[in-house]
Each structure stands twice: as structure tokens, then as C-alpha cells.
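Take a look at the structure below.
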């Protein structure tokens with residue numbers, strides 16, 4: 001009797017996928033990390049499981065060995081680690097010129113050996129003026145063009161090392177800062193990106209220069225700009241201050257937008273750490289009302305968008321396989337030998353097309369698929 005495993009790989013915005021919840025979980029101390037204890041504490045706080053766990057890794061400081069500790073925490077928790085990969089000390093042209101290649105290549109080898117799916121978002125918020133790779137940073141020599149090329153350069157190194165278990169995340173800040181910054185100008189191209197995301201915060205009155213803003217006021221301009229990019233979209237960093245308004249009501253309003261005019265959002269990741277005087281009170285549990293609003297919101301989103309088999313995270317033998325569209329053609333890459341057919345579904349779960357059963361060897365395979373111009377979900381239907 002054949003046993004069937006399914007692998008979902010999304011190549012366009014997926015309206016029918018299960019809604020996912022993640023967080024930078026924070027914790028005690030000035031520099032908390034997503035340890036098992038801190039992850040569990042956040043899950044206890046929200047009363048449910050975390051699909052995504054955030055981690056920040058700095059070039060040259062946090063190598064794969066440092067990251068793997070938290071990747072294993074995510075794995076044991078049944079979650080996916082989302083690594084914000086920060087090229088501190090490097091401008092975009094430095095990366096293009098190969099000055100960090102040794103570090104990047106070593107990291108790629110570690111990710112490959114790890115084997116589980118991991119999301120990497122390098123060069124995030126490049127439309128700001130606060131990071132070394134930011135287009136808006138005065139005198140840094142960064143442009144939309146060389147930031148995009150730096151992103152592609154990083155991805156190419158991973159491909160040279162035959163890493164197949166990474167989802168590449170491109171992130172824009174919700175607003176531009178600095179001369180020359182644009183919301184989407186540094187996008188590296190569909191071939192190099194799996195998911196797109198936005199970072200944004202409601203600073204409220206916690207700074208002399210800040211005012212209370214609604215979610216729509218913060219995110220709408222970026223959300224509308226990203227409508228031109230045909231990739232699944234999520235919120236990679238979000239939080240609100242308590243100062244200047246009602247944080248609980250702000251969170252409730254956030255989820256209402258996700259269910260209506262921000263319906264492309266398939267996941268949200270709360271930044272739950274209140275920082276020192278120079279930043280805001282971002283922790284989720286600054287009030288019980290805020291926690292209750294968060295819990296109610298995720299329950300509502302999960303109920304409206306259940307896991308119907310089109311979840312992003314691959315499972316089973318096919319966890320090291322992936323699909324991508326390039327120049328109108330479909331490619332499937334696998335690190336294992338498989339006997340399978342390829343199935344294309346629409347977002348209501350209806351089969352649009354299915355190939356004959358084939359024997360796939362490890363490597364990249366061009367799939368003779370019709371309708372590659374149509375938005376949908378590709379799966380492997382694996383035979384045993």
C-alpha cells in the first residue's frame with residue numbers, strides 16, 4: 001500500500017495558507033536570546049504554540065555554531081527559526097566585492113548540514129539610515145542597486161554550496177529614512193526571494209519626536225508598494241508602545257486589518273522586548289489587556305485560516321526539496337532521491353495540473369509544467 005507525503009512550496013502569495021504566529025521572545029536581562037526557557041515563557045504567556053521564532057545574528061560575530069543552538073531550540077519546539085542576518089561592519093559594496101564571502105560560505109555549509117528549514121533575512125530595512133548597508137546612511141556608498149546585488153551575492157553563495165533548506169526573506173522598513181531610500185528599489189528580484197516582509201513599530205509618545213499611529217498609518221504605504229511583488233508577505237517585526245494611546249486596542253485593530261484590507265499577511269512576528277531609555281516598551285506583557293488582545297487576535301486568525309495542508313513548512317522526506325519559478329519555467333530541487341509527481345493547486349485547494357510519477361535524483365530538475373503564469377501552490381506527491 002502506497003503511503004503519500006505532501007510537500008507544499010509556495011511560489012506566489014498564498015491566501016489560503018494557515019496563519020502563522022511568531023515572536024522575538026525577549027526574556028530577562030539586557031541581551032536575552034531565544035532559549036528554550038524564554039520560548040516556553042512566551043508560549044505560556046500567549047497560551048499557544050509559536051510557529052516562528054526570531055533570532056538576530058551578526059556577521060563575523062555569530063557564526064553558524066552560535067546560531068545552531070537556537071535553531072535546535074526551534075526544531076525541538078516544532079517551530080521554524082527566522083534569522084535576521086545583520087551585516088554589521090559591511091556596506092553593500094563590501095559584500096558585492098566578496099569581503100564577507102568566507103563567513104557567508106561557512107554559514108551556508110552549517111545551514112546545509114543542519115538540514116531543517118530555516119528562514120534567512122539578510123540586509124533588512126535597507127531603506128533606512130541606521131544600518132551599515134542602509135541606502136539612507138550618509139556617506140556609506142549604499143544604493144538600491146548595490147544593496148540588491150549584495151542580496152543576490154549572498155544567495156548565490158548558498159546556491160554554490162547546494163543549500164536547499166533556506167527560505168530567503170527580503171524586508172523593507174515601513175517607512176523610508178535618509179536620502180535615496182525607497183520602499184522597494186533594493187528588491188533583488190523574484191529569483192532570489194521566497195517571502196517578502198515589512199518591519200514597523202508604533203512608537204507612541206515614548207520619544208520626543210514620535211506620535212501615536214494606527215497600524216494603517218504605519219504600514220499602508222509599504223503594504224501597497226509591495227502589492228507589485230508577487231510573493232507571500234508577512235510582518236517580520238511589529239510592536240507598540242503603551243504611551244500615548246491604548247496598546248490593547250491597537251493590537252485588536254491590527255488583527256482586524258489582517259483579516260480585511262491587509263489580508264495578504266500570512267504571518268506576524270511580535271518584537272517582545274522592552275529596551276532601555278533610547279527605545280520603547282515593546283514587550284507584549286506591558287499590560288494584561290495587551291496580552292489578552294494578542295491572544296484573542298491570534299485565535300481569531302487561526303480559526304479563519306486553519307492549516308488545510310498548504311502550510312509553508314515542509315515535512316517528511318521532502319523537507320530538503322524546493323520549487324522556484326524562473327523565466328516562466330518551473331524548477332524543483334531536491335537533495336534526496338524521490339519517486340513522486342508534481343501537483344499544482346489553486347488557493348481553494350483544487351488541482352490545476354498533475355504530472356506523471358517520475359524518479360527524481362538529487363539535484364535540480366526542470367519540470368514541464370503548464371500554467372506557470374498562474375498563481376498557485378506546487379506540491380510533491382511522493383510515492384513509497
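Key figures
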quantity	calculated
FRET efficiency estimate (nearest 0.05) - Cβ-Cβ, residue 56 to residue 287, R0 30 angstrom	0.70
Ranked packing of 89-96, 331-338, most packed first, by mean Cβ within 10 Å	89-96, 331-338
DSSP bridge pairs, the chain: antiparallel proportion in percent, nearest 5	45 percent
Per-q log10 I(q)/I(0), the range 230-309, q = 0.26 Å⁻¹ (Debye; single scatterer per alpha-carbon; no solvent)	-1.33
Dimensionless Rg/Rh of the chain - Kirkwood Rh, Rg from C-alpha atoms	0.95
Computed E for residue 353/residue 304 - FRET, C-beta separation, R0 30 angstrom, nearest 0.05	0.60
FRET efficiency, residue 191 to residue 116 (Cβ-Cβ, R0 30 Å, nearest 0.05)	0.80
Which of 50, 45 has the fewest Cβ neighbours within 10 Å, and the rest in rising order	45, 50
Residue exposure sequence - 166, 82 - by fewest surrounding Cβ within 10 Å	166, 82
Enclosed volume per residue, in Å³, of the convex hull spanned by Cα atoms of the range 192-264	90 Å³
Footprinting exposure proxy for 105, 121 (fewest neighbouring C-beta atoms within 10 Å first)	105, 121
Length released on extending from residue 216 to residue 182, taking residue separation times 0.36 nm less the Cα-Cα span	10.4 nm
Per-residue [θ]222 nm for the chain (sum of -39500 (n - 2.57) over DSSP H runs n ≥ 4, rounded to 500)	-8500 deg cm²/dmol
Whole-number percent relative contact order across the chain, with pairs defined as alpha carbons under 8 Å at least 6 apart	22 percent
Added length on full extension, which subtracts the Cα-Cα distance from 0.36 nm per residue, residue 159 to residue 205	12.0 nm
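Laboratory data are not the source of any read-out in this text; all were calculated from the coordinates shown. Values in this document were obtained by computation on a predicted structure and should not be read as measured data. Every residue, glycine as well, gets a Cβ built from its backbone with ideal geometry; the counts of neighbours run over all protein chains shown.
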